[in-house]
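The values are calculated or read from the model by the stated rules, or taken from the named source; none is laboratory data. Only a predicted model underlies this, so the values are computations on that prediction, with no experimental measurement involved. Don't worry about glycine lacking a Cβ; one is built from the backbone with ideal geometry, like all the others, and counts go over all protein chains shown. Heavy atoms of the whole protein, side chains included, go into the accessibility calculation; ligands, DNA and RNA do not. Shrake-Rupley method; radii C 1.70, N 1.55, O 1.52, S 1.80 Å.
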Amino acid sequence: SASSMEDKSHTVGIFQVGDYVVFAFLFVVSSGIGVFFAIKERKKASSKEFLVGGRQMSCGPVALSLTASFMSAVTVIGAPSDVYRYGASYVIFGVAYTFVVFFTAELFLPVFYRSGITSTYEYLELRFCKLVRFAATFIYIIQTVSGIECSNTYCLVFDQLLC
């Protein structure tokens, strides 16, 4: 009947044995990778060398790391539901991301790599001054905590703070 279909669609399932096995497996694998590299790379002295992996990593692990850092758990869970609920217009974000990744890799990363810097904020300090770096960091933190887009704020702050 229709009412039993509605009841099932709104109930939240509970973990079954298989769910616990998959969860435990992913946890053990993720933890194992972290422990393995913590032990293997213990001799790395500086934090700068640690952050860039000694500049010895191929593009595969770097690409996976960047993808993981851009996608939160909320994105992974929420994106499929958005597509289901609102349609395939969500694909536009995928197309835009493709262009953004390409241009970032071709325009910004070579500059960062040649300069030996590890973050955009470090570049801002080299290019302008420490105050601009702190302002950008502060705006990013506010944006992340509040969920509010601050792109216009960046322009206003940097216009006032350029050293």
G53 passes all but one of the listed conditions (1) loosely packed, with under 10 Cβ neighbours inside 10 Å; (2) modelled with pLDDT under 70; the exception is number (1)
Looking across segment 109-126 at residues that are aromatic (F, W, Y) and under 19 Å from Y140 (Cα atoms), the single one that is nearest to the chain's Cα centre (by Cα) is Y121
Say we look at segment 107-126 and pick out the residues that are part of a helix (DSSP H, G or I) and either small (G, A, S) or more than 22 Å from Q56 (Cβ to Cβ) (or both); which of these is most open to solvent (accessible area, probe 1.4 Å)?
L126
Identify, from the list V74, V21, V91, the residue that is modelled with pLDDT under 75, more than 22 Å from G116 (Cα to Cα) and either in contact with a strand residue (DSSP E or B) (Cβ under 8 Å, 6 or more places away or on another chain) or part of a helix (DSSP H, G or I) (or both).
V74
Out of segment 128-160, which residues are part of a helix (DSSP H, G or I), at pLDDT 90 or above and either aromatic (F, W, Y) or open to solvent by 60 Å² or more (accessible area, probe 1.4 Å) (or both)?
K130, L131, R133, F134, F138
Determine whether D7 is at pLDDT 70 or above and of a type in the set (D, E, K, R).
no
